[in-house]
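This report refers to the structure that appears directly beneath it.
The values are calculated or read from the model by the stated rules, or taken from the named source; none is laboratory data. Just so we're clear, the structure is a prediction, and the values are computed from it rather than from any experiment. Cβ: placed from backbone, ideal geometry, glycine included. Neighbour counts: every protein chain shown. Note: areas computed on protein heavy atoms with side chains; ligands, DNA, RNA excluded. Shrake-Rupley method; radii C 1.70, N 1.55, O 1.52, S 1.80 Å.
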Amino acid sequence: DWAAAIDHVVSVKASHPHLMAINISLVSTVTFSGCPCDNQNPVNQLLAASIQAAAQNRIVTVASAGNTSICTQMASPACVTGAVSVAGSRITGAPDKLLATSSLSPCTDLAAPGAQILSTGLNGGTVQMGGSSQAAPHISGVLALMSDRRAGMDPTFFPAIIQATGAPTTSDCPLALPLPPRVNALAAVNALMIRRR
């Protein structure tokens with residue numbers, strides 16, 4: 001179903017020329033230690049093919065990293081090739097701290113606010129929630145801002161810019177791998193400014 005949903009978005013791209021990001025705040029019940037995890041089961045292979053097709057159509061697939069509190073494994077589709085995997089962070093001063101619940105692995109690309117996020121609720125009103133499912137939409141939103149700033153630029157280049165302009169993070173996980181930077185929306189958008197002499 002998830003792969004079919006990605007395929008559907010790709011199929012309607014021609015009718016929606018500004019469409020440039022897919023947010024997947026969904027995770028598998030199984031976690032994977034491999035990075036990428038494409039070849040660990042047929043479902044991941046299918047998701048990887050759909051995410052690759054989206055990228056070929058200039059659509060970035062953003063996926064929540066999951067909330068298993070595991071420091072070395074991640075759920076699918078976040079661990080799949082081509083997905084931009086996002087962990088949740090808490091604003092604690094410099095550097096921001098990754099949520100203890102966020103899944104981490106070498107596949108984790110970015111971090112974004114994921115604690116006590118106030119948003120719209122089902123059937124109206126608002127609701128406050130936390131986790132990587134709240135963090136991933138922050139990245140999708142920044143991608144949209146970047147696309148607005150540089151219309152026509154291939155948005156699949158934007159995640160690398162978000163990484164390069166992001167703020168450092170810290171974690172309680174005893175990991176010997178680089179931690180994902182926390183998105184700095186203003187810095188990412190400003191990095192696309194065309195300077196004139």
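Scan region 95-109 and report the pairs whose first residue is more than 14 Å from P181 (Cα to Cα) and whose second residue is open to solvent by 20 Å² or more (accessible area, probe 1.4 Å) and among the acidic types (D, E), with Cβ atoms within less than 9 Å and a gap of 6+ or a chain change.
These pairs meet every condition: A100/D172.
When you go through A49, A53, A75 one by one, which is the residue that is aliphatic (A, V, I, L, M), buried (at least 24 other Cβ atoms within 10 Å of the Cβ) and touching a residue at least 40 places away in the same chain (Cβ under 8 Å)?
Going through A49, A53, A75 in turn, just one is aliphatic (A, V, I, L, M), buried (at least 24 other Cβ atoms within 10 Å of the Cβ) and touching a residue at least 40 places away in the same chain (Cβ under 8 Å): A75.
Among the residues of region 9-37, how many are in a loop (DSSP other than H, G, I, E, B) and polar (S, T, N, Q)?
4
Within region 166-189, take every residue that is surrounded by 19 or more Cβ atoms within 10 Å (Cβ to Cβ) and among the β-branched types (V, I, T) and give me the one that is farthest from C107 (Cα to Cα).
V189
Only one of these is among the hydroxyl-bearing types (S, T, Y), out of contact with any Gly (no Cβ under 7 Å at 6 or more places or on another chain) and buried (at least 21 other Cβ atoms within 10 Å of the Cβ): S25, S64. Name it.
S64
Scan region 85-98 and give yes if some residue there is surrounded by 21 or more Cβ atoms within 10 Å (Cβ to Cβ) and in a loop (DSSP other than H, G, I, E, B), otherwise no.
no
Among residues belonging to region 115-164 that are assigned to a loop (DSSP other than H, G, I, E, B) and of a type in the set (A, V, I, L, M), point out the one that is surrounded by the most Cβ atoms within 10 Å (Cβ to Cβ). Don't jump to the end; show me each part of the working.
Start the filter on region 115-164 by keeping residues that are assigned to a loop (DSSP other than H, G, I, E, B), which leaves 115-116, 121-125, 130-131, 150-154.
This time we only want the ones that are of a type in the set (A, V, I, L, M), so: 115, 122, 151, 153.
Working: A115: 19, L122: 6, A151: 9, M153: 14.
Of everything passing the filter in region 115-164, A115 is surrounded by the most Cβ atoms within 10 Å (Cβ to Cβ).
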